[in-house]
1. Taking only pairs six or more apart or across chains, which ones have beta-carbon atoms under 7 Å, a first residue in the stretch 113-134 that is at positive phi, and a second residue that is part of a helix (DSSP H, G or I)?
2. What about residue 16, is it surrounded by 15 or more Cβ atoms within 10 Å (Cβ to Cβ) and either modelled with pLDDT of 95 or more or under 15 Å from the mean Cα position of the chain (by Cα) (or both)?
3. Return the only residue of 140, 84 being out of contact with any strand residue (DSSP E or B) (no Cβ under 7 Å at 6 or more places or on another chain), more than 17 Å from residue 17 (Cα to Cα) and either without any contact (Cβ under 8 Å) to a residue 24 or more places away in the chain or outside any helix (DSSP H, G or I) (or both).
4. Just checking, which of 130, 58 is touching a strand residue (DSSP E or B) at 6+ places or on another chain (Cβ under 6 Å) and farther than 28 Å from residue 9 by Cβ?
5. With respect to the numbered conditions (1) buried (at least 17 other Cβ atoms within 10 Å of the Cβ); (2) within 18 Å of the chain's Cα centre (by Cα); (3) more than 28 Å from residue 160 (Cβ to Cβ), which one is the sole condition not fulfilled by residue 104?
6. Answer with yes or no whether residue 29 is closer than 21 Å to residue 127 by Cβ, without any contact (Cβ under 8 Å) to a residue 40 or more places away in the chain, touching a strand residue (DSSP E or B) at 6+ places or on another chain (Cβ under 9 Å) and outside any loop (DSSP other than H, G, I, E, B).
7. Can you name the residue in the stretch 56-78 that is surrounded by fewer than 16 Cβ atoms within 10 Å (Cβ to Cβ) and modelled with pLDDT of 95 or more and is also nearest to residue 127 (Cα to Cα) among such residues?
């Protein structure tokens, strides 16, 4: 795809991005033998049993799609999301986790970590916590034993011409 092509996203792109993020996390878990299910509950999106630790995880998925030039923009996680995840996990007997999925440039990156560790790395601010997406931050995540991650490379081979 030509680098000068300006992409105008659908008005529903945020909702579709959220659905995609949940689906790709489910796919990732299922591919590696996790029992997992999408749930419709305030605070968590997925419940999964880790086959390595037997831990039951309640996962809140945060997905973003970044335009060219905003690839390193942080992912804001509103403070109330942490309480909602904790409450949902308490009700289901899960450990709270967060998954962050970011589509930016020619990559889709996913990260999974316990909520406790997320808050150690990025404590709540006045209104939110922020998951940083600079290259230096991503390299630190890859070195952190508590953060699981994946990266997909994407390339559009052929697309309609702009009129």
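1. Pairs found: none.
2. Details: surrounded by 15 or more Cβ atoms within 10 Å (Cβ to Cβ): no; either modelled with pLDDT of 95 or more or under 15 Å from the mean Cα position of the chain (by Cα) (or both): yes.
For residue 16, the condition - surrounded by 15 or more Cβ atoms within 10 Å (Cβ to Cβ) and either modelled with pLDDT of 95 or more or under 15 Å from the mean Cα position of the chain (by Cα) (or both) - is not met.
3. Values: 84 fails: either without any contact (Cβ under 8 Å) to a residue 24 or more places away in the chain or outside any helix (DSSP H, G or I) (or both).
Going through 140, 84 in turn, just one is out of contact with any strand residue (DSSP E or B) (no Cβ under 7 Å at 6 or more places or on another chain), more than 17 Å from residue 17 (Cα to Cα) and either without any contact (Cβ under 8 Å) to a residue 24 or more places away in the chain or outside any helix (DSSP H, G or I) (or both): 140.
4. Details: 130 fails: farther than 28 Å from residue 9 by Cβ.
The conditions single out 58.
5. (3)
6. Numbers: closer than 21 Å to residue 127 by Cβ: no; without any contact (Cβ under 8 Å) to a residue 40 or more places away in the chain: yes; touching a strand residue (DSSP E or B) at 6+ places or on another chain (Cβ under 9 Å): yes; outside any loop (DSSP other than H, G, I, E, B): yes.
In short, no.
7. 78
The values are calculated or read from the model by the stated rules, or taken from the named source; none is laboratory data. What you see is a predicted model, and the numbers here were worked out from it, not measured in a lab. Please note: Cβ atoms are built from the backbone with ideal geometry, for glycine as well, and neighbour counts cover all protein chains shown.
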